Structures are given as C-alpha cells and as structure tokens.
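**Q** Sharing a structure below in structure tokens format, with a few things to ask.
The values are calculated or read from the model by the stated rules, or taken from the named source; none is laboratory data. Keep in mind the model is a prediction, meaning the values are calculated, not measured.
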Amino acid sequence: MNSTFKTVILWVTLLAVAVVLWRMIQGGPNAGKDQEIAYTQFMSDLNDGKVADVTIEGNVARASCAMAACIIPWFRPQIPPC
C-alpha cells in the first residue's frame, strides 16, 4: 500500500478516537445513567402501558420502560409491622 494512504488512514482513525473520547468526556458523570422523571409522569406512563417492570429499593423506584430505563423519585409509605 501507498505510505500516504496509510498515513491518511492513521489520522482518520486517531481523529475518530479523539471525537469518541471527547463526546464521552462532555457527557459528564451522568452520561449513560438512568433518567429521573416525576412521579406523575411515571403514573401516566404506567396507565399508558409504557412500564414493563418496577423495582423498589429504599425510597427509589426503578422502572423498565418501553424506550429506556427510568428512575422515579418515590417514597414508599411506612407500613407498620403486624
């Protein structure tokens, strides 16, 4: 292969890697994390059949939605022991 062609391929590859790294850094610490929505939006999605599964951990409910995972800030009611 021509050395000029190899050099161009090398620079294109390096540029692509730099762009990917830049986009990852610009996303910040919340990039790729769950989306937080309001309880009323969660209830609306639930009534529309957009929620597939819900897991409650402490005061946070995690729902598997049709399009993406959601975090719904929600406080469980305190149930007195029997």
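**Q** Of the numbered conditions (1) at pLDDT 80 or above; (2) in a strand (DSSP E or B), Cys70 satisfies every one except a single condition; which is it?
**A** (1)
**Q** Sticking with this one: Restricting the search to the range 18-53, which residues are of a type in the set (Lys, Arg) and modelled with pLDDT of 75 or more?
**A** Arg23, Lys50
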